[in-house]
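Working notes, structure below.
The values are calculated or read from the model by the stated rules, or taken from the named source; none is laboratory data. All values derive from a computational prediction rather than experimental measurement. Neighbour counts run over all protein chains shown; Cβ positions are idealised from the backbone, glycine included. Just the protein is used for accessible areas: all its heavy atoms, side chains included, with ligands, DNA and RNA removed. Shrake-Rupley method; radii C 1.70, N 1.55, O 1.52, S 1.80 Å.
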Amino acid sequence: MTSGTLLLLGITAWFYPLCALSDGPSSLPATLAEASALAVKHLPRTALAVLALLIAPLAVYFFPTHLMAIGTYWVLIGNALSWYLVTLALQPVIEPAEPKRLEPR
């Protein structure tokens, strides 16, 4: 796997959550620029997200004799699980915690 592929996977890991959580329409170049900046700025989280996206290809590479089981897993829950793990890795950055508000008594 080349570094360009890993870079594109890192940008992709940030791009789709940014699109899903945006408040309004934003331009494609602006969203790609923000995804690229976040991918570099939060490199450890990006690495975790890329690892989550590579679950199925790595499983095929390391367990080629279990191709049917991997295919069944991927059809049933694999893609959703990968993006769920990506969301867990990126959530603290994309959705910062809201400050606690004290309610009057």
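Legend: residues THR2, THR65, THR31, sorted from most to least accessible area (1.4 Å probe; ligands, DNA and RNA excluded), read THR65, THR2, THR31. Here the chain is treated with +1 on each Lys and Arg Cβ and -1 on each Asp and Glu Cβ, and its dipole about the Cα centre works out to around 200 debye. Report the normalised scattering of the chain as log10 I(q)/I(0) at q = 0.11, 0.21, 0.24 Å⁻¹, calculated by the Debye formula with identical scatterers on the alpha carbons. Log10 I(q)/I(0), no solvent term: -0.43, -1.10, -1.27. If one takes the longest principal axis of the Cα atoms in the chain, at what angle in degrees, from 0 to 90 and to the nearest 10, does the Cα axis of helix 28-41 lie? Roughly 80 degrees between the two axes. Let me know the shape class of the stretch 51-90, please: from the alpha-carbon gyration tensor, a ≥ b ≥ c as square roots of the eigenvalues, rounded when a/c is under 1.5, otherwise prolate if a/b is greater than b/c, or oblate. Oblate, because a/c is 1.5 or more while a/b does not exceed b/c.
Based on Cα atoms of the stretch 1-49, Rg over Rh with Rh as the Kirkwood radius reads 0.99.
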